[in-house]
Every structure is written in structure tokens, then in C-alpha cells.
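Undergrad: Right, I'll just put the structure down here and ask away after.
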Amino acid sequence: MPATDIQRYPSERPFPFARAVAAGDFLFLSGQVAMSASGEPLPGDVASQTHHIMQAIQRTLQHCGTDLDAVVKVSVWLSDMQHFAAFNQAYRHYFPRGLPARSVVSSRLAFDLDVEIEVQAYHPAPRSTPMPLHIATPHYASRPLSEAAGRTVWLKLEALQPPGSFKLRGIGHACQTYRARGAQRFISSSGGNAGLAVAYAGRQLGVPVTVVVPQTTSERAKQLLRQENAQVIVHGASWQEANEHAQSLLGEHDAFLHPFDDPLLWQGHATMIDEVAQSGLRPDAIVLSVGGGGLLCGVIEGLQRNGWQDIPVLAVETEGTASLHAALQAGEHIALEQISGIATSLGAKRVCDRAWQYTQTHPIQSLVVSDDSALSACRQFLDDHRLLVEPACGASLAVAYQNHPALQPYQHLLIIVCGGATASIEQIRQ
């Protein structure tokens, strides 16, 4: 049982044997009488004895990180009940916000003193922070990419997250938060990286997961979801139809996990920048792929909370998925009419509102690469680093492999290797 012994603080010791013992969420202070620091009794009148004891109890509680407001029960012993009025007048002074529960009995006390007081206080024990579901991923300088780009290129290997992509950072954080709020089921409408992250998080947390996917979802994606014990429902010809059905399933104790538009996701994604900052690395710019903007929002949140508001982000899209680029070109937050191309994980017709807002407040440069460039980068990256990533991730790698003109101002780049849970050799050989 952990204890705080006031003898550890001799310069402020209220009593020679004052002691507070913590048990669960409560502190139990041993009964005390009026004694000097040297152990001599301090008789005095009842009021002075009460003041001396209460002031010492107050200091004892302060040493334990709390105060008299936390007292929930007081036990009092008086040498004679005729002393009650004098005791009570002095005692009430210490509880101006209301008296705690109290018992008073008459008893003969040590040293022929007149008052002894014992208190119990509510003092919640420190709660351990739940372990995050994501892992801290390595980052290191890539020799092949540095040679190709003519500058130092660092890789943040989010492809090594258990479900295969950075999505677990934000979705894991969101799932833990929703479970703490009482969620008893997680629902997702993503058959890709986000849905798989929800399925993984649910299995780890012991919370059932339902994922609604459209008929176009690959058998490989459905297999991976079921492997994580998720219930997979196939509904509709498009993601919009699947999403509407997923929303219709929501009950009172369900939580819907959006794939990219949720502040909890951004908070979780920001941890990758925390890890970079803690390592001592400060890149000149960060390169990342943009779909709906969840990764972009998380990275910028991480930059800002580490005081790196000046570090620019190079936001990369493929030609058929360039919703951010189209909005910047138009000067307004527009949506694409359609999505096309190989990088289906980047297939959001419109970036989330927060991502668009960041384009007005943070240095962001939009870059667009072709499908061929993204696929070529995936193949080269597999050869160089023995790591398979999807074309959405290859878009960012292509910027370095091709030494894109936008890199010229920077000598130290950090690329977020976002991964890809459903990536396959057949996919990148197209």
C-alpha cells in the first residue's frame, strides 16, 4: 500500500509521527493530537489545540498533493463533551465551503490532551494512460532516394504500422476515445486502409466492428477485414451508397469512424511528428500524399504543436485524384466531378474543411504526379527498401525519385511513407 510519510519533510514536519496512507482513491491520515515538532505535547485550551491539529493536517494534505477541500470524513475524540462548543467553533473555520461528515466521541486521550482528530480525504489515484494502439515507427535517411533527389531524404515508415498504414494512429486514438465514452460497436464504411485500421483497433480493444463496403471492393480487402474479425457487409454500387447504409446502422451505443474528417484522427496522426521532433531531426520540408486531407491535417497539427509552423508541406496527389490541387487552382473549396486512376486511396472528391483552412494559414505547396510515376516509384521503392507500398504512397516517393523542381529550395526532406494495407505486387506491376 503506497504511503506518504511526513517525516520525509523534516523542515515542515507538523508532527513527529504524522502519516498519510493512500489506498485506492482515498488518503487516510492517522489520528493526531497537538504536539510540537520535537514531540512535546501542547496542552493549551481546546481551541488552540484544534487550530494546531487542523493546520498540521492541512500541511500533511498539501504534501500529498491535495487540501482540506478533499476531506470527506472526520473523526474527533474529545476528553470531555463539554469541550464540543469550543472545538466546533475553531474547527468550522477550516471548512468554509461546507462541513464533511463527522463523528465525535468522548475518550481519554494521551498526554492528558483534550482533542484528537483523524481525517479521510478523496484523492484519486493516478490513472495510467492507455497504451496507444499504434507503434512508434522508425525514420532514417534513405541513400537511394537521397541520391536520386540530390539532397538528404528521410523516410518516416508508417507502412510498418500493424494494419499497414498511418491510419492506425488517428483511428486507434479515436477508437480508444469512443470506447471510453461508452461505445460498444465501431462502424466504418471504408474497405481500405481506414476500415482495416478500425477492424484492427476493434479487435485489440475487444469491441465489435462492422464495415460496410460497396460491391466494387476487392476480395483481398474483404479478406483482410474478416481476418481482423470484422463483420463485413457488402452494400451498393458506390462508396456513397455503402456510407449511407453504414450511417443507417448507427445505434445509441455505436461510434462511426470517419476515414479522414475527425479531429480525433488528426490528434492521433500528429504523433508521428512528435516522434520526429523528439529525435532531434528538423526537416526543411515534409512530403506527403493527400486524399481527403486527414494525414495533411494531422501532420500540420503535429508541426504546430512542436513549434514548427514555418516548415512547409508538399502535398502530393495523382492526376485523377487531385481535389486539393483543383481547389487551390480555383481559389475556392470545390469538389471534383469524378475520381479516376490507380491511386484509389486518394479518391476523395473534396478535401475536408480543415485541410482547406490550412491552405490559408500554413505553407502548403500542391504537387501532382501521374499514375505511371506513382507506380514506378512503388516498384523502385520495393527494390531499394524491400517494402511494398500502394500507389497512393508512391505519389510522394515519385517526387523524390524524379527530383521534382519543387524540391530545389530544400536540403533535408522528410517523406511520410504512409503505406497501404491492400498493396500487392500485381497492383504495382500495372
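The values are calculated or read from the model by the stated rules, or taken from the named source; none is laboratory data. This structure is a prediction, so every number in the text was calculated from the model and none was measured. Ideal geometry is used to build each Cβ from the backbone, glycine not excepted, and the neighbour counts take in all protein chains shown. Accessible surface areas use protein heavy atoms only, side chains included; no ligands, DNA or RNA. Shrake-Rupley method; radii C 1.70, N 1.55, O 1.52, S 1.80 Å.
Undergrad: Tally the residues that are open to solvent by less than 80 Å² (accessible area, probe 1.4 Å), part of a loop (DSSP other than H, G, I, E, B) and closer than 20 Å to Ser30 by Cα, restricting the search to the stretch 83-137.
TA: Residues that pass the stated criteria total 11.
Undergrad: While we're here: Can you list the strands (runs of 3 or more DSSP E) lying wholly within the stretch 213-305 that have 2 or more residues being open to solvent by 10 Å² or more (accessible area, probe 1.4 Å)?
TA: Strands (runs of 3 or more DSSP E) meeting the threshold: 231-234, 254-256.
Undergrad: Here are some conditions: (1) at pLDDT below 95; (2) over 22 Å from Ala392 (Cβ atoms). Phe186 meets all but one. Which one does it not meet?
TA: Tallying (1) at pLDDT below 95; (2) over 22 Å from Ala392 (Cβ atoms), Phe186 fails exactly one: (1).
Undergrad: Something else about it: Assess whether Ala194 counts as being within 25 Å of the chain's Cα centre (by Cα) and within 25 Å of His269 (Cβ to Cβ).
TA: Spelling it out, Ala194 is indeed within 25 Å of the chain's Cα centre (by Cα) and within 25 Å of His269 (Cβ to Cβ).
Undergrad: Just wondering, is there one or more residues in the stretch 419-429 that are modelled with pLDDT of 95 or more and not β-branched (Val, Ile, Thr)?
TA: no
Undergrad: Taking the stretch 306-348 as the region of interest, how many residues are part of a loop (DSSP other than H, G, I, E, B), more than 25 Å from Ile273 (Cα to Cα) and β-branched (Val, Ile, Thr)?
TA: Residues of the stretch 306-348 part of a loop (DSSP other than H, G, I, E, B): 306-312, 319-322, 331-343, 347-348.
Okay, now just the ones that are also more than 25 Å from Ile273 (Cα to Cα), so 319-321, 331-342.
Checking the rest, the ones that are also β-branched (Val, Ile, Thr) come to 321, 334, 339, 342.
Selection size over the stretch 306-348: 4.
Undergrad: Tell me, yes or no, whether the stretch 141-157 has at least one residue that is part of a helix (DSSP H, G or I) and of a type in the set (S, T, N, Q).
TA: Yes, the stretch 141-157 contains a residue that is part of a helix (DSSP H, G or I) and of a type in the set (S, T, N, Q).
Undergrad: Is the stretch 11-28 home to any residue that is out of contact with any helix residue (DSSP H, G or I) (no Cβ under 8 Å at 6 or more places or on another chain), at pLDDT 85 or above, farther than 17 Å from Ala110 by Cα and surrounded by 13 or more Cβ atoms within 10 Å (Cβ to Cβ)?
TA: Checking the stretch 11-28: at least one residue is out of contact with any helix residue (DSSP H, G or I) (no Cβ under 8 Å at 6 or more places or on another chain), at pLDDT 85 or above, farther than 17 Å from Ala110 by Cα and surrounded by 13 or more Cβ atoms within 10 Å (Cβ to Cβ).
Undergrad: For the stretch 161-210, how many residues meet the condition of being among the aliphatic types (A, V, I, L, M), in contact with a Pro (Cβ under 7 Å, 6 or more places away or on another chain) and either in a strand (DSSP E or B) or surrounded by fewer than 24 Cβ atoms within 10 Å (Cβ to Cβ) (or both)?
TA: Matching residues across the stretch 161-210 total 0.
Undergrad: Just one of (1) in contact (Cβ under 8 Å) with a residue 40 or more places away in the chain; (2) under 29 Å from Gln176 (Cα atoms); (3) not acidic (Asp, Glu) trips up Leu281, so point out which.
TA: (2)
Undergrad: Still on this structure, please answer the following. Residues that are under 26 Å from Ala136 (Cα atoms), open to solvent by 10 Å² or more (accessible area, probe 1.4 Å) and touching a Gly at 6+ places or on another chain (Cβ under 8 Å): find the helices (runs of 4 or more DSSP H) completely inside the stretch 349-430 holding 1 or more of those. If you could, list the steps in order and put the result at the bottom.
TA: Details: elements: 353-361, 371-385, 391-401, 425-428.
In the stretch 349-430, 353-361 are the helices (runs of 4 or more DSSP H) which contain 1 or more residues that are under 26 Å from Ala136 (Cα atoms), open to solvent by 10 Å² or more (accessible area, probe 1.4 Å) and touching a Gly at 6+ places or on another chain (Cβ under 8 Å).
Undergrad: May I ask you to list the residues in the stretch 354-365 that are without any contact (Cβ under 8 Å) to a residue 60 or more places away in the chain and either in contact with a Leu (Cβ under 9 Å, 6 or more places away or on another chain) or more than 30 Å from Gly307 (Cα to Cα) (or both)?
TA: If the condition is that a residue be without any contact (Cβ under 8 Å) to a residue 60 or more places away in the chain and either in contact with a Leu (Cβ under 9 Å, 6 or more places away or on another chain) or more than 30 Å from Gly307 (Cα to Cα) (or both), then Thr359, Gln365 are the ones that fit.
Undergrad: Additional query: May I ask you to list the residues in the stretch 16-71 that are closer than 22 Å to Pro96 by Cα, in contact with a Phe, Trp or Tyr (Cβ under 7 Å, 6 or more places away or on another chain) and among the aliphatic types (A, V, I, L, M)?
TA: Listed by number, the residues that qualify are Val46, Met54, Ala56, Leu68, Ala70.
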